[in-house]
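Each remark here refers to the structure printed beneath this line.
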Amino acid sequence: MPLSTQSQSQDEQYVLVANLDNARNLSNILKAITCKDHAVFTATANGLKVTVEDCKCMQANAFIQADIFQEYTLKEDMVIFQINLTVLLDCLNIFGGSTAAGASTALRMCYMGHGHPLTLFLEEGGVVTVCKINTQEPEDPIDFEFSSSNVTNKVILQSESLKEAFSELDMTSEVLQITMSPSQPYFRLSTFGNSGNAHYDYSKDSDMMELFQCNKTQTNRYKMSLLKPSTKALAISCKVSVRTDSRGLLSLQYLVRNDNGQICFVEYFCCPDEEVEEE
């Protein structure tokens, strides 16, 4: 593969080098968090974390573990930069994002450090394209201080059942109300849209429910406009973990299998909507 023939001396100038045999394994997971133009990339020894935020009320994170990459070299403890995510995705799909059998775009992603562009070497069928994308000084992502020790309620569902719920609920509703309780209705999604109120209930014993851990009854509302981007992650996931903490902060964690069967995660945090009174 031509990308692997880059000389050792070329590599030595980069603080981050990451190779993928199939660029779709990166582009698909990035599409799942694309709700704003800009994203913060954080590279550590564990892999890449890509963060997008909206109005300081919602945060989406994509986690691509280091072992997903065929090569992953990091010369600093942490490398962080901001980049235009829309431009990056356009570059990753420069060959059309082909899904044809045997056709895949190989990616070599290189970064020289602060102030330098992110350089992409993309190769398909012997043709190599080089893209350089300007990076910016990153803003510090919000720390929602969501810790597993403060989780009040948690359920894990098969994604198919949540897709079904979203297809039946009224998306003209301004909010999605989530009720989690140790007693009935256990786990309920509610909307209040143009066609009236709608509820979608899950029994704790449902075949679609892989885990049910609810310690107390909680009902919170979340702005639908903030949650809608998460349906892109839902569409490519196989499982979803729904958690709330004592403040009502919502964590939606999606387990995504890539084209090679490897597992990545996408997580959305969403603050409760405090402007809407309980009915």
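The values are calculated or read from the model by the stated rules, or taken from the named source; none is laboratory data. All of these numbers come straight from a predicted model, not from anything done at the bench. Glycine gets a Cβ as well: all are built from the backbone with ideal geometry, and neighbour counts include every protein chain shown. Just so you know, the surface numbers come from the protein's heavy atoms only, side chains and all, with ligands and any DNA or RNA stripped out. Shrake-Rupley method; radii C 1.70, N 1.55, O 1.52, S 1.80 Å.
In order along segment 199-214, phi translates into HN-Hα couplings of 10, 10, 10, 10, 7, 5, 9, 4, 4, 7, 9, 8, 8, 9, 10, 10 Hz, rounded to whole numbers, per the Karplus curve 6.51 cos²θ - 1.76 cosθ + 1.60 with θ = phi - 60° and x for Gly and Pro.
Using the Cβ-Cβ distance between residue 215 and residue 145 with R0 set to 30 Å, the FRET efficiency from 1/(1 + (r/R0)^6) comes to roughly 0.95. Estimated from helices alone, the mean residue ellipticity of the chain at 222 nm is -4000 deg cm²/dmol (sum of -39500 (n - 2.57) over DSSP H runs with n ≥ 4, per residue).
In order along segment 47-58, phi translates into HN-Hα couplings of x, 9, 10, 10, 10, 10, 10, 9, 6, 6, 10, 9 Hz, rounded to whole numbers, per the Karplus curve 6.51 cos²θ - 1.76 cosθ + 1.60 with θ = phi - 60° and x for Gly and Pro.
Based on Cα contacts under 8 Å between residues 6+ apart, the chain shows a relative contact order of 19 percent. What percent does the relative contact order of segment 12-134 come to when contacts are Cα pairs within less than 8 Å and at least six residues apart? Relative contact order here is 31 percent.
For the chain, the per residue solvent-accessible surface stands at 47 Å², with DNA, RNA and ligands left out and a 1.4 Å probe. Entry note: the chain has Rg to Rh equal to 1.02, where both radii use alpha-carbon atoms and Rh is the Kirkwood radius. Packing order of peptides 251-262, 127-138, highest average first: 251-262, 127-138 (average count of other Cβ atoms within 10 Å over each peptide's residues). Coupling constants for segment 88-95 follow from the phi torsions by the Karplus curve (6.51 cos²θ - 1.76 cosθ + 1.60, θ = phi - 60°), and in residue order they are 4, 5, 4, 5, 4, 9, 5, 9 Hz; glycine and proline get x. Between segment 229-255 and segment 185-213, the alpha-carbon centres lie 14 Å apart. For segment 140-279, what class follows from the C-alpha gyration tensor (a ≥ b ≥ c being the square roots of its eigenvalues): rounded when a/c is under 1.5, otherwise prolate if a/b is larger than b/c, else oblate? The shape class here is rounded.
Remark: segment 149-268 carries a charge dipole of roughly 400 debye about the Cα centre, counting +1 on each Lys and Arg Cβ and -1 on each Asp and Glu Cβ.
A full extension of the chain between residue 257 and residue 73 corresponds to an added length of 63.9 nm, given 0.36 nm per residue minus the alpha carbon distance.
When you filter the GluC sites (Glu not before Pro) in segment 98-174 for DSSP loop state and at most 12 other Cβ atoms inside 10 Å of their Cβ, you are left with 139, 145. Comparing 252, 82, 194 along the charge dipole axis of the chain, the residue lying farthest to the positive side is 252, per the Cβ-charge model. Element breakdown for segment 149-268 at a 1.4 angstrom probe: carbon and sulfur atoms account for 44% of the accessible area.
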